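These notes are about the structure you will find just below.
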Amino acid sequence: QVQLVESGGGLVQPGGSLRLSCAASGSIFSMYFMEWYRQAPGKQRELVATITSGGTTNYADSVKGRFTISRDNAKNTVYLQMTSLKPEDTAVYYCSVPILGSHYWGQGTQVTVSS
């Protein structure tokens, strides 16, 4: 079983930046395919970014060019650097790892973009 703990959310003004972190348990973190999702009030959970064990990244069109996903295997941590934030980025952000057909989730961290 994998445990995930997100941190780094908060309140930021439009145009601002935040960096989210997700610390994972397990000795084979470097092999995990990692994901960041978000869920805004009243909306379905949305896949935001992914990163493979080899470091290949992929992004939703809505965040491409503004968000960067990265990983530090020595720290068992995946990051989501968010820049040029917009009010529509307001959501609870979750990291996730799919393993053998199941998804493991963290508790989420709230990001609010507002002036």
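The values are calculated or read from the model by the stated rules, or taken from the named source; none is laboratory data. Note that the coordinates shown come from a computational prediction; the quantities given were computed from them, not determined experimentally. When we count neighbours, we look across all protein chains shown, and the Cβ atoms used for this are built from the backbone with ideal geometry, even at glycine. Surface areas here come from the heavy atoms of the whole protein model, side chains and all, with no ligands, DNA or RNA. Shrake-Rupley method; radii C 1.70, N 1.55, O 1.52, S 1.80 Å.
Some notes on this structure:
- Residue in segment 45-65 that is most open to solvent (accessible area, probe 1.4 Å), counting only those that are assigned to a loop (DSSP other than H, G, I, E, B) and of a type in the set (Val, Ile, Thr): 56
- Number of the condition not met by residue 68 [criteria: (1) β-branched (Val, Ile, Thr); (2) in contact (Cβ under 8 Å) with a residue 24 or more places away in the chain; (3) part of a strand (DSSP E or B)]: (2)
- Qualifying residue in segment 84-101 (condition: among the acidic types (Asp, Glu), in a strand (DSSP E or B) and at pLDDT 95 or above): no
- Yes/no for residue 5 being assigned to a strand (DSSP E or B) and surrounded by fewer than 17 Cβ atoms within 10 Å (Cβ to Cβ): yes
- Of all residues in segment 30-44, those satisfying the criterion of being surrounded by fewer than 20 Cβ atoms within 10 Å (Cβ to Cβ) and within 14 Å of residue 72 (Cα to Cα) are 30, 31, 33.
- In segment 66-115, the residue that is surrounded by the most Cβ atoms within 10 Å (Cβ to Cβ) out of those that are acidic (Asp, Glu) and under 19 Å from residue 40 (Cβ atoms) is 89.
- The lone criterion from (1) open to solvent by 50 Å² or more (accessible area, probe 1.4 Å); (2) over 17 Å from residue 109 (Cα atoms); (3) in contact with an Asp or Glu (Cβ under 7 Å, 6 or more places away or on another chain) left unmet by residue 27 is number (3).
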